[in-house]
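The values are calculated or read from the model by the stated rules, or taken from the named source; none is laboratory data. Just so we're clear, the structure is a prediction, and the values are computed from it rather than from any experiment. Using ideal geometry, Cβ is built from the backbone for each residue, glycine included, and neighbour counts are taken over all protein chains shown. Heads up: the accessible areas ignore ligands, DNA and RNA and are worked out on the full protein's heavy atoms, side chains in. Shrake-Rupley method; radii C 1.70, N 1.55, O 1.52, S 1.80 Å.
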Amino acid sequence: MSPTVLPRGAAIDLPAAERWTVAACWNRHALCEVDVVAFALCENGRVSRDEDFVFYGAAETPDGTVRLAARGPTEQAIVIDLTALPEAVRTVTIAAAIDGTVTFGDLGPVRLSAGPGDGEPAHAQATLDNGTTERTMLVAEVYRRGPRWRLRVVGQGYDFGLAGLARGFGVDVEG
């Protein structure tokens, strides 16, 4: 079965599975690195503690329900254990951030795929190719809707760096 191709803003129900992996990949750019990060958010749209921010320096939440899986310089993924996420977590927001002055317009498209487990065939995919001056971008979110989990392709970019995005989600960022 071919994966469902989702446009920016589209959402779908996720079939029942213990774990879901949302991967992002891009073309290599000599002047920057891209980091994929995740925020485990409560109903108020903020983290309940700083440790609910998953990034290269803290690659998983303390309970291990959200973790970063680096797959090389042009692909990273967030693996979410939906069956073990605390009830207070309503949304896992996944973002990409560019280190340096390169923008998503310079980088080119970010391709997303989402599938059950880790390494299973993709259930959904999307291409975010409308970047211009942005240095951070919300790429997707996995969220609760009633008893089900859903995936939404976001594609919302911001001109500021990762620290600004993290602060917006309630993370205490120094500097």
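Computed over the alpha-carbon atoms, region 14-66 gives an Rg to Rh ratio of 1.04, Rh here being the Kirkwood radius from the mean inverse distance. Note that region 147-160 has calculated 3J(HN,Hα) couplings of x, 9, 9, 10, 10, 10, 8, 9, x, 9, x, 9, 6, 8 Hz, one per residue in order, obtained from phi through the Karplus relation 6.51 cos²θ - 1.76 cosθ + 1.60 (θ = phi - 60°); glycine and proline are x. Shown here for region 1-89: GluC sites (Glu not before Pro) in loop regions (DSSP other than H, G, I, E, B) with at most 12 other Cβ atoms within 10 Å, namely GLU18, GLU43, GLU87. The trypsin sites (Lys or Arg not before Pro) of region 62-137 that meet both conditions, a loop assignment by DSSP and at most 14 other Cβ atoms within 10 Å of the site Cβ, are ARG71.
Split the accessible area of the chain by element, probe 1.4 Å, and carbon with sulfur accounts for 47%. Under the convention that each Lys and Arg Cβ holds +1 and each Asp and Glu Cβ holds -1, the size of the dipole of the chain around its Cα centre is about 560 debye. Were the residues from ARG167 through MET1 laid out at 0.36 nm apart, the gain over their Cα-Cα distance would be 55.7 nm. If a spin label sat at a point 7 angstrom from the Cα of THR83 along the line to its beta carbon, the backbone N atoms of region 145-174 nearer than 19 Å would be those of 145, 147-150.
Rolling a 1.4 Å probe over the protein heavy atoms gives the chain an accessible area of 48 Å² per residue.
The mean sequence distance of close C-alpha pairs (under 8 Å, at least 6 residues apart), as a share of the length of region 1-96, puts its relative contact order at 35 percent. The relative contact order of the chain, computed from alpha carbon pairs under 8 Å that lie at least 6 residues apart in sequence, is 30 percent.
Using helices alone, what [θ] at 222 nm do you get for the chain, with -39,500 (n - 2.57) per DSSP H run of 4 or more residues, divided over all residues and rounded to the nearest 500?
Helices in the chain give a 222 nm mean residue ellipticity of -1500 deg cm²/dmol.
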